[in-house]
1. Multiply the residue gap between VAL146 and GLU254 by 0.36 nm, knock off their C-alpha separation, and tell me the result in nm, one decimal place.
2. May I ask for the distance between the Cα centers of the range 220-260 and the range 22-70, given as a whole number of Å?
3. Taking Cα pairs under 8 Å and at least six residues apart, what relative contact order does the chain come out at, in percent?
4. When a footprinting reagent is the concern and you count Cβ atoms within 10 Å, what order do CYS117, CYS104, CYS131 take, fewest first?
5. State, as an integer percentage, the relative contact order of the range 1-151 based on alpha-carbon contacts under 8 Å between residues 6 or more apart.
6. Per residue of the chain, what 222 nm ellipticity follows from adding -39500 (n - 2.57) for every DSSP H run with n ≥ 4, rounded to the nearest 500?
7. Using a Förster distance of 30 Å, how high is the FRET efficiency between HIS116 and TRP221, based on the Cβ-Cβ distance and rounded to 0.05?
8. List the extent of the Cα atoms of the range 15-112 along each of their three principal axes, largest first, rounded to whole Å.
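Any read-out appearing in this document is the output of simple, stated calculations on the displayed coordinates, not a laboratory observation. Since the model is a prediction, treat every value here as computed from it, not as a measurement. Here the Cβ positions follow ideal geometry from the backbone for every residue, glycine too, while neighbour counts run over all protein chains shown.
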Amino acid sequence: MPLVNRAIAAVLGAIPEGLLWRFARRYVAGVTLAEAVQAVRDLNARGLLATLDILGEHVASPADARADGLVYGNILRAIQREGLSSNISVKPTHMGLKLDRDLCLGILRDLVRQAHCLGNFVRLDMEDSTCTDETLRLYRTLVKEVPAVGVVLQAYLKRSQEDVKRLAEERANVRICKGIYREPEAIPFRDREAIRRSFIELLEILMRTGSYVGIATHDPWVIREARELIKRLGVPRERYEFQMLLGVRPDLRERLRAEGERLRIYVPFGEKWRVYCLRRFRENPEILRHVILALFRSAS
Ligand SMILES: Cc1cc2nc3c(=O)[nH]c(=O)nc-3n(C[C@H](O)[C@H](O)[C@H](O)COP(=O)(O)OP(=O)(O)OC[C@H]3O[C@@H](n4cnc5c(N)ncnc54)[C@H](O)[C@@H]3O)c2cc1C
């Protein structure tokens, strides 16, 4: 584990649960489904769409994967019952990908079928590069059966420049994001500008072939370039949406919404909120500084 992560992990380990939760709640809708439903209701009331995610990845047992698969089914029914504008985002390793591919496919197949029957949609999140091939394969197997499923491409992966061609031909529904995992040296672009350029290139290829694209970023430069591209290509509004994480850059999100863009907020919830927050803190160590300051203030 890199030094900075070890330091963050050590600090997080020492922070009292209540204090950490005070900061985490900006990024996490809550622990229960009822709290997540309320968060989506609030977002919808402000004209924002949502995608719900149960926090967790790399489950320890098939039983855990099946249990969370059932919770995702409950989420789909709650969305329907409550009349919410939300779909779901699912990590394949959370559904057992690394334990048993067929188990994972079975759980996802059930979810995609349920989503289809309810007029909803399942997004397969993209995890680290050891999962890329399998996730694309799962996506292709599922989408052939029922179309209510989409996938993600990460702009920092060099291979995405090839993967996008086939997905564009298939008119896949694709979320593009920069990518969040720590990868071996040769696999991703390292340079910030190269990642930004890759993001826009992927977007252009997908938009030119009429794929539906989720533009998942808080980077004002990428957002500006994406909007210029959309204008230049004359992409109709029903072919794309912007996506952001709950709690990140609400100012930017409000601006886009006020300008009439369709915006979907990624809403994570569940008991595994500590691990998720560690990632958010790593992306923005400034937040961690506030947590530590608050810790010392509350201790004095
Ligand atoms: C809807 C959505 C879905 C995603 N799905 C995936 C996925 O399936 N697989 C995957 O690998 N990654 C996923 N990601 C994460 C993504 O890959 C990036 O790691 C993350 O979005 C940060 O990249 P950025 O484009 O916002 O640009 P950055 O350059 O990282 O951030 C731009 C600006 O946003 C602000 N910002 C960013 N993060 C934070 C933060 N934590 N707190 C406060 N401000 C912040 C800062 O002001 C920063 O300058 C997803 C992101 C979103 C928004």
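1. 35.5 nm
2. When both Cα centres are located, 23 Å separates them.
3. Relative contact order here is 23 percent.
4. CYS117, CYS131, CYS104
5. 18 percent
6. -17000 deg cm²/dmol
7. Values: r = 37 Å, r/R0 = 1.22.
Efficiency computed from Cβ-Cβ geometry: 0.25.
8. Principal axes ranked by extent give 39, 38, 16 Å for the Cα atoms.
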